[in-house]
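Since the structure comes first, as structure tokens, the remarks are kept for the end.
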Amino acid sequence: MIAAKQKLIVTELEEGTGASIAVALDNDGLRSAMRIWFADLEERHGPVASIRPHGLKGHRVQLSFGNYSGDTIRQIQQASEEDVQLARALVASIDPSVSLVFGARSLEDWLVLDGNFLIDATIRHEISADEDDSVSRSCRR
């Protein structure tokens, strides 16, 4: 069902980020997902997110890095302390109802150290995960 929401997902993310977004359907697993990345970085050269239905009324969003994102990761590692704090503040601004997992790190001290970096977010809604409003809210949170 997430495949039918491709245009909605792209619109929400492009409006929210101001960047050009590319997507592809991912049929691995029991439920399909939409893989999302910045169009100018290509799928394997930067951060890649996936959104898939989770339960009846939720979505699971995972953020990781593509197989050839070494240049992007090195650039992130060279960020100033102020840039790191700004990135953490941006992530901390995610709606508190969203469950965030950073592996062994916490919301206050996460860092992109290598290609194994992963953020896992679970978003619950009052309505079905298949509804446009649920998909829009998951993209905005």
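The values are calculated or read from the model by the stated rules, or taken from the named source; none is laboratory data. Computed from a prediction, not measured in an experiment: that's the story for all the values here. Neighbour counts are summed over all protein chains in view; Cβ atoms, including those assigned to glycine, are modelled from backbone coordinates with ideal geometry. Surface accessibility is based on the protein's heavy atoms, side chains included, excluding ligands, DNA and RNA. Shrake-Rupley method; radii C 1.70, N 1.55, O 1.52, S 1.80 Å.
Some observations on this one:
- Residue ID - nearest to residue 132 (Cα to Cα), chosen from residues in the stretch 76-98 that are open to solvent by 60 Å² or more (accessible area, probe 1.4 Å) and of a type in the set (S, T, N, Q): 97
- The listed residues are 124, 141, and the only one of them that is open to solvent by 40 Å² or more (accessible area, probe 1.4 Å) and either in contact with an Asp or Glu (Cβ under 6 Å, 6 or more places away or on another chain) or on the phi > 0 side of the Ramachandran plot (or both) turns out to be 141.
- Just one of the listed residues (44, 35) is open to solvent by 30 Å² or more (accessible area, probe 1.4 Å) and in contact with a strand residue (DSSP E or B) (Cβ under 6 Å, 6 or more places away or on another chain), namely 35.
- Qualifying positions in the stretch 103-116 - of a type in the set (A, V, I, L, M, F, W, C) and either open to solvent by 40 Å² or more (accessible area, probe 1.4 Å) or under 18 Å from residue 51 (Cβ atoms) (or both): 104, 107, 111, 113
- Residue in the stretch 37-60 that is over 23 Å from residue 129 (Cβ atoms), touching a Gly at 6+ places or on another chain (Cβ under 9 Å), at pLDDT below 95 and assigned to a loop (DSSP other than H, G, I, E, B) present: yes
- Filter pass, residue 29 being open to solvent by 60 Å² or more (accessible area, probe 1.4 Å), assigned to a loop (DSSP other than H, G, I, E, B) and either out of contact with any Leu (no Cβ under 9 Å at 6 or more places or on another chain) or free of Cβ contacts under 8 Å to residues at least 40 places away in the same chain (or both): yes
- Residues in the stretch 56-75 that are surrounded by 12 or more Cβ atoms within 10 Å (Cβ to Cβ) and out of contact with any Pro (no Cβ under 9 Å at 6 or more places or on another chain): 57, 58, 61, 62, 68, 70, 73, 75.
- Pair list, Cβ under 8 Å, 6 or more apart: the stretch 58-81 residue among the β-branched types (Val, Ile, Thr), other residue open to solvent by less than 30 Å² (accessible area, probe 1.4 Å) and assigned to a helix (DSSP H, G or I): 61/138
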